[in-house]
Structures are given as C-alpha cells and as structure tokens.
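Report on one structure; see the data block that follows.
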Amino acid sequence: MLAALQSFKQCPQTRALSYLAMTNPSSPASDPALARKQRAAQAALAHIRAGTIIGVGTGSTVNVLIDLLGQQQSRLRLQGAVSSSEASSARLRSNGIAVLDLNQLDELPLYIDGADEATRARELIKGGGGALTREKIVAAVSERFVCIVDDSKLVETLGRFPLPVEVIPMARAYVARRLERLGGRPVWRESVTTDNGNQILDVHGLSIEDPRALESTIDQIAGVVTVGLFARRPADLMIVGTAAGIVEI
C-alpha cells in the first residue's frame, strides 16, 4: 500500500491509474475496456482550463472523468460543473465539485460527455443512460463539445445501438406507431423513468444513413421530448481510447 501511495506523487495519469487499481476491482490493468475509457478520459483533461466551469455528461466513461476531476481539483480549481443527470450530480458532489444550475450561467465554454455510438463525422447516438434530454441541452449551450469514447463505440453507420427517444408518458403508444412507420421497432424501456419524469422508447432495427434528417423528423412527432441523435449539434472533437493510446477525430 505504501508503494501505491507513493505513486500518487507521480504524474496525473499514473495517479489516476493507481487510484482506479486500488478502488475498482476491474482496474485498467485487468480490464482492457476500462483502460480504453481511462485513456480517453485522461486525454480530455488537457482541454479543461483551470478555474473554469464545465458541463459534464453521463455514463461509464464520464464516471472515470468525474473521478479524475476530483483527484485533480487542487490543480484545476474548477468553479463547478453543470451536470446532465442526477447520477452525475451525485458523483460530482462526492468528488468535491460543486454542481451549478445552468440557468444561472451566461455561457458554458466546454461540455465533456460520452456516446453509445459515434461516427467519424462525430455524429452520435446518446441516451443509453436515460439522460439524453439534459445532455442535448447542455451540448446546445456549450461553446465546445468534446466526446470521449472507447473504440468499440465507433461505427460506419449509426443504428446498431437502439436509438433512445424520450417521450411524454401519455404519448408513448402514439409515438411508437409513428416510429414504426419510419422502419424502426420501438421497445418501451419499462423500468426507467427519466430525471424529467418521462419514458423512453428504444428503437431497434434502424440503419441511419442521414442522421440529421432523421433527427429532425423524429423531433417533429407530437409527444417526443428528445431523440438521442446528436447530428445537428455533433461533437466538436472526439477522443477515442484504443488499446494503443488515443485518437482524436
């Protein structure tokens, strides 16, 4: 344990890897998928200006990022973060980072979030964690959106991952029928109520050749709150963790 504690005095990346190895039974050393997420999250730190406010998304790769932010808060001196979900808010607070109300801010320079699928055009499917509406709001407000993923999330065409659509509860069946007309197979995520009190339909069987057009089409269906396509506002930079390091797109 003494040797492990001494490693915390080394570079930030070494400290992060040591921390995860001691506190997570699936450490990067034993979990290649976690190691790729770790690399992407670590690389994102270079895009954060000290003393600023950032937007923070939701998901497993973002959880790694939040823990890194907590470890490096003495250096970063973040004023706080705008969170896309109650789960991320709780994790930020547990890491000593204040959670701020977006309505109290005039600007948000940076948003960092993950994705369930991504193309090299930086168009994304998001919402597997159920936070797609707040994620889309924070992305829209932010001057710069950095997406952090591991290379398993890269695809040529979006749609292999079921497309989440957040809906007003009374409109769920109607929206499902409209989504069927678009060629999808919507499945109600019955166990989930979003932080906004809504429901989610996961649309299977799509091959999304024109993400921007489909995003606009689904947005226009009455009862839809948000569709988990991030094509009209794609990421500005995508950091991809691989077995060998990172790739920036």
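The values are calculated or read from the model by the stated rules, or taken from the named source; none is laboratory data. As the structure is a prediction and not an experimental result, all values here were calculated from the model. Heads up, the Cβs are rebuilt from the backbone with ideal geometry, glycines too, and the neighbour counts pull from every protein chain shown.
List of remarks:
- Residue match in segment 70-82 (condition: within 12 Å of the chain's Cα centre (by Cα) and either assigned by TED's automatic domain parsing to the domain that holds LYS37 or basic (Lys, Arg) (or both)): no
- Restricting attention to segment 154-178, the residues that are crowded, with 17+ Cβ neighbours inside 10 Å, in a helix (DSSP H, G or I) and touching a residue at least 40 places away in the same chain (Cβ under 8 Å) total 4.
- Scanning segment 199-209 for residues that are outside any strand (DSSP E or B) and not acidic (Asp, Glu) returns GLY205, LEU206, SER207.
- Qualifying residue in segment 67-80 (condition: surrounded by fewer than 23 Cβ atoms within 10 Å (Cβ to Cβ) and in contact with a strand residue (DSSP E or B) (Cβ under 6 Å, 6 or more places away or on another chain)): yes
- Residues that are buried (at least 16 other Cβ atoms within 10 Å of the Cβ) and out of contact with any Ser or Thr (no Cβ under 7 Å at 6 or more places or on another chain), drawn from segment 81-94: ALA81, VAL82, ARG91
- Matching residues in segment 88-142 - criterion: being aliphatic (A, V, I, L, M), part of a loop (DSSP other than H, G, I, E, B) and within 20 Å of GLN72 (Cα to Cα): ILE97, ALA98, LEU100
- Residue list for segment 179-198, restricted to those being part of a strand (DSSP E or B) and over 30 Å from VAL240 (Cβ atoms): TRP188
- When LEU132, LEU158, LEU201, LEU182 are screened for being of a type in the set (A, V, I, L, M, F, W, C) and over 24 Å from SER60 (Cβ atoms), only LEU182 passes.
- Test: residue in segment 221-239 that is acidic (Asp, Glu), modelled with pLDDT of 95 or more, more than 30 Å from GLU107 (Cβ to Cβ) and assigned to a loop (DSSP other than H, G, I, E, B): no
So that you can scan it fast, the table gives a plain yes or no per residue for (1) over 27 Å from LEU34 (Cβ atoms); (2) under 15 Å from the mean Cα position of the chain (by Cα); (3) hydroxyl-bearing (Ser, Thr, Tyr):
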{"site": "VAL146", "(1), (2), (3)": "no, yes, no"}
{"site": "LEU158", "(1), (2), (3)": "no, no, no"}
{"site": "PHE161", "(1), (2), (3)": "no, yes, no"}
{"site": "ARG178", "(1), (2), (3)": "yes, no, no"}
{"site": "VAL187", "(1), (2), (3)": "yes, no, no"}
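- Among residues of segment 108-127 being among the charged types (D, E, K, R) and over 16 Å from VAL146 (Cβ atoms), the one that is surrounded by the fewest Cβ atoms within 10 Å (Cβ to Cβ) is ASP116.
- Hits in segment 54-76 (condition: in contact with a Ser or Thr (Cβ under 9 Å, 6 or more places away or on another chain), within 24 Å of GLN104 (Cα to Cα) and free of Cβ contacts under 8 Å to residues at least 40 places away in the same chain): ILE66, GLY70, LEU76
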